[in-house]
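Here the structure is laid out as structure tokens; the discussion comes afterwards.
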Amino acid sequence: MTAGVVTRPASKADATEIALLVNIATHGGIGMGWAHAKGADAAYDPAEMGRLEMLKDDEFGWRNVTIAETPDGEITGMLLGYPEPAKRTVPANTPGFMVPILELEYEAAGSWFISMLGVHIGWRGKGVGSALLDVADNKREASHARAVSLIVEDVNADARRLYQRRGFAVRDQRPMGRYPTGDAPGKNWLLMVKD
């Protein structure tokens with residue numbers, strides 16, 4: 001682990017920071033969705049909608065988050081992940097741009113799935129991502145999952161290099177769909193797996 005960075009389970013009090021880091025992990029994509037979510041017209045900022053999402057007790061909420069921080073409490077990054085259940089099918093009402101992402105996630109059935117890994121800009125390249133990947137490896141072992149998996153954009157070269165150094169390999173890919181707010185950030189979503 002990086003000197004000076006520790007990890008801990010998230011608490012509800014971290015919901016705002018988790019929302020910020022989830023938005024960072026999606027390069028602002030999820031924030032665009034929050035801006036159009038039900039109730040967003042009453043919010044002053046889309047992050048407020050994200051905070052409400054992170055407070056939920058579902059697989060995408062605060063209970064499945066690990067926080068990385070300095071000993072004096074500066075949050076540096078977060079990992080959101082969970083054991084991917086048995087094979088699922090993409091619901092028929094899924095927005096088109098989400099279909100390839102969910103297809104790849106569901107293909108990773110039986111693995112410990114990293115849904116989001118976000119690191120604040122001032123902490124990138126300093127081992128925070130590696131520390132959080134160590135947590136994912138430990139959670140995989142504790143859950144008896146067959147592998148650790150994640151999805152990354154083909155154009156996210158820095159993240160791909162980190163994952164490859166950590167033993168992940170591309171298993172499958174799907175073309176990105178058009179986002180409701182514009183073009184996708186790359187050409188393909190990549191499913192990367194570490195056995």
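Observations
- If the condition is being more than 16 Å from the chain's Cα centre (by Cα), modelled with pLDDT of 80 or more and in a loop (DSSP other than H, G, I, E, B), then segment 9-54 contributes only SER11.
- Qualifying residue in segment 68-79 (condition: under 25 Å from VAL128 (Cβ atoms), surrounded by fewer than 18 Cβ atoms within 10 Å (Cβ to Cβ), out of contact with any helix residue (DSSP H, G or I) (no Cβ under 6 Å at 6 or more places or on another chain) and charged (D, E, K, R)): yes
- Scanning segment 65-95 for residues that are among the hydrophobic types (A, V, I, L, M, F, W, C), more than 22 Å from VAL148 (Cα to Cα) and in contact with a strand residue (DSSP E or B) (Cβ under 9 Å, 6 or more places away or on another chain) yields a total of 1.
The values are calculated or read from the model by the stated rules, or taken from the named source; none is laboratory data. Keep in mind it's a predicted model, so treat the numbers as computed, not measured. With ideal geometry, Cβ positions are generated from the backbone for all residues, glycine too; neighbour counts draw on all protein chains shown.
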